[in-house]
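*Asks:* Here it is, the structure, as structure tokens.
The values are calculated or read from the model by the stated rules, or taken from the named source; none is laboratory data. Not measured: the values here are computed from a predicted model. Quick reminder, even Gly has a Cβ in these numbers, built from the backbone with ideal geometry, and neighbours come from all protein chains shown.
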Amino acid sequence: MRMISRFNPAGGIRDFWDEFRKPNPLRVPILLVSSIPMALTVWWAMGEKVIAPPERPEVTYISTLPEGRTDEEIRASNLENQRYNDRIRALQAERDEEVRDMYRQLGRATGLDVDAMEAEIEADRAAQEAAPRIRAQSDNGSNADPR
């Protein structure tokens, strides 16, 4: 049995046209009322707003460095920047040491054994720094050929 013969709409359309041609005073009102759901659906769908994706931004690169710098100028700039960063790190280290000294004084004033605490902190720090080396050595040893 062919699919088109089972679902052929010709018979339904013929029946509809035969009924629609018969004189009936309610024919036009029934047709209008039955078209209201479809009209409302179309009206609702036309009101849908679709938001398009945003446009890609236009990127403008701004360089504060001249374009034709030589390698020597770049090296000199890098060395100057490194000296500046070293100076900042040294100032920060001084400030950190001043803060540590204040905490030492506070600890001594409150009766804590600051020297023992610092020794314990240094031991922990040394253990943490040694842990990756120990792991690396044990990994190298375990990957060795047993022959």
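*Asks:* State all residues of segment 119-142 that are modelled with pLDDT of 80 or more and β-branched (Val, Ile, Thr); if no residue qualifies, say none.
*Replies:* The one that is modelled with pLDDT of 80 or more and β-branched (Val, Ile, Thr): Ile121.
*Asks:* Conditions: (1) touching a helix residue (DSSP H, G or I) at 6+ places or on another chain (Cβ under 6 Å); (2) exposed (fewer than 10 other Cβ atoms within 10 Å of the Cβ). Arg104 meets all but one. Number of the miss?
*Replies:* (2)
*Asks:* Could you tell me which numbered condition Asp145 fails, if it satisfies all but one of (1) assigned to a helix (DSSP H, G or I); (2) modelled with pLDDT under 95; (3) among the acidic types (Asp, Glu)?
*Replies:* Here Asp145 meets the rest and fails (1).
*Asks:* Confirm whether Leu112 is surrounded by 10 or more Cβ atoms within 10 Å (Cβ to Cβ), out of contact with any Leu (no Cβ under 6 Å at 6 or more places or on another chain) and in a helix (DSSP H, G or I).
*Replies:* Working: surrounded by 10 or more Cβ atoms within 10 Å (Cβ to Cβ): yes; out of contact with any Leu (no Cβ under 6 Å at 6 or more places or on another chain): yes; in a helix (DSSP H, G or I): no.
Here the answer is no, as Leu112 does not meet what is asked.
*Asks:* Hey, any hits in segment 5-18 for a residue that's among the charged types (D, E, K, R) and under 30 Å from Ile121 (Cβ atoms)? Lay out the reasoning, then the answer.
*Replies:* Initially, segment 5-18 is screened for residues among the charged types (D, E, K, R), giving 6, 14-15, 18.
From what's left, under 30 Å from Ile121 (Cβ atoms): none.
No, segment 5-18 contains no residue that is among the charged types (D, E, K, R) and under 30 Å from Ile121 (Cβ atoms).
*Asks:* Moving to a separate point now. As an exercise: evaluate Pro66 against (1) in contact with a helix residue (DSSP H, G or I) (Cβ under 9 Å, 6 or more places away or on another chain); (2) closer than 30 Å to Met117 by Cβ and give the number of the one condition it does not meet.
*Replies:* Here Pro66 clears every test but (2).
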